[in-house]
Amino acid sequence: MNPPAASPEGAAPRPVVAEHELVRLIGAGSGGEVWLARNALGTYRAVKIICRKSFEWQKPFADEFQGLLRFEPLSREHDGLVDVLQVGGSAAADYLYYVMELGDDVRTGQTINPASYRPRTLAHDLAERRRLPIGECIRLGAPIASALGFLHRHGLIHRDVKPANIIFVNGFPKLVDAGLVTEMFQTGSRVGTEGYIPPEGPGTARADIYALGKVLYEISTGKDRNDYPELPADLGRPADERDLIQFNQIIIKACRANPRLRYRAAEEMMSDLLAFQFCRPGPLDGKIPQSSIRMFSLIGLLIALGVTLFLLWRIIWLLRHPD
């Protein structure tokens, strides 16, 4: 491996990522830095670099590496998970990294201008649009629920499902932050983001389901996760209000305080989302006034009575005039 290259600002040397040029820092957090990078073919990728010095103890750094080991082979088997293409470093090194497919730019999609690139996340969409139509919420929620179900079937959990950890690749939503993935019931550290963590804490499949429910609450209502279960006071059109009230039943089931009352599996949540998409009432359902329904019923009754009286009269006439 070549020696680390100095950063343009003269700060600490950048870690070296094999066969990739680090172009620009595009994200940072307590877990590490995310860089826009270019590979030997000129293709742009995202690279997350995790330095051991970022952690007070060795265990979180080692856990991040173990999460990568478990997630990497699965990531390319489900469309709702960001593809991890390469992993470097080791738990014994000063840093480790992983190379991922690059999310869309907020304006130009997969047409990447490195100088102005900004990754499109659900958090960005939410900040720009405040709330999304119910149909769009379903098209986003169903693949993420499916991705969680896939992880859970392999004995893994995500632990930090939130809008900032959902990116778009060619317009399709995907879960990111592979280093947070771990085996179920690993509750030694309180990983996650406040407001998305259920009352019982993280570490289970139903905790992931709770977090996804909170995400769907935010994007469907435009309200903060901590406002749950409050609904908007005014939605405008009656059809929007009806759809949100019905869609909210899925959110309520995902966000039950008692985990036993939540969806037993993410696939059940996905099925309810898809069923709502294809079976929700049409635009005229529920719009006919009760007075009109009663009037139509009375007219039908009078017609039926008239037909019955005519048949009785016809029978009596035939009996009196046999010839």
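We did not get these values from a lab; they are worked out from the coordinates using the rules stated. Computed from a predicted model, the values in this text were never measured in an experiment. Glycine gets a Cβ as well: all are built from the backbone with ideal geometry, and neighbour counts include every protein chain shown.
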Of the listed peptides 109-115, 254-260, what is their order by residue-averaged count of other C-beta atoms within 10 Å, with the highest listed first?
-> 254-260, 109-115
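Note down the magnitude of the dipole of region 51-143 about its Cα centre, charges +1 on Lys and Arg C-beta and -1 on Asp and Glu C-beta and zero elsewhere, to the nearest 20 debye. Spell out each step's value before the answer.
Working: 12 positive and 14 negative charges, 67 e Å.
The calculated dipole for region 51-143 is roughly 320 debye.
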On full extension of the chain, what length is gained from Arg118 through Ala275, given 0.36 nm per residue of separation minus the C-alpha to C-alpha distance?
-> 53.1 nm
Show which lysines lie in cross-link reach of Lys253 when reach means a straight Cα distance below 17 angstrom and same-chain residues fewer than eight apart are skipped.
-> Lys214
In range of the label at Leu41: residues from region 99-123 whose backbone nitrogen is under 13 Å from the point 7 Å along Cα→Cβ = 101-102
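Just rank Met270, Met184, fewest to most, by other beta-carbon atoms within 10 angstrom. Mind dumping the intermediate values first?
Values: Met270 23, Met184 16.
Listed from fewest to most nearby Cβ atoms, that is Met184, Met270.
To the nearest 0.05, what FRET efficiency results for Leu309 and Glu268 with a Förster distance of 41 Å applied to their C-beta separation?
Step by step, r from the Cβ atoms, then E = 0.15.
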Apply the Debye scattering formula to region 60-117, with a single equal point scatterer on each alpha-carbon and no solvent, then give log10 I(q)/I(0) at q = 0.13, 0.15, 0.16, 0.19 Å⁻¹.
-> -0.45, -0.57, -0.63, -0.78
Okay, which of region 32-47 sit inside 17 Å, backbone N to the point 7 Å along the Cα-Cβ direction of Thr108?
-> 36-39, 42-46
Give me the Debye-computed log₁₀ of I(q)/I(0) at q = 0.12 Å⁻¹ for region 20-279, equal point scatterers on Cα only, no solvent, two decimals.
-> -0.71
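For an R0 of 30 angstrom, estimate the FRET efficiency from the Cβ-Cβ distance between Arg260 and Leu69 and round to the nearest 0.05.
Details: r = 32 Å, r/R0 = 1.07.
After rounding, the FRET efficiency stands at 0.40.
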Return the distance in nm (one decimal) between the two label points of a simple spin-label model at Gln58 and Gln249, each offset 7 Å from Cα along Cα→Cβ.
-> 5.4 nm
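Kindly rank 244-252, 198-206, 211-219 from highest to lowest mean number of other beta carbons found within 10 Å of each residue. All intermediate terms of the calculation are to be shown ahead of the outcome.
Values: 244-252: 17.6, 198-206: 19.3, 211-219: 26.0.
For the peptides 244-252, 198-206, 211-219, the packing ranking is 211-219, 198-206, 244-252.
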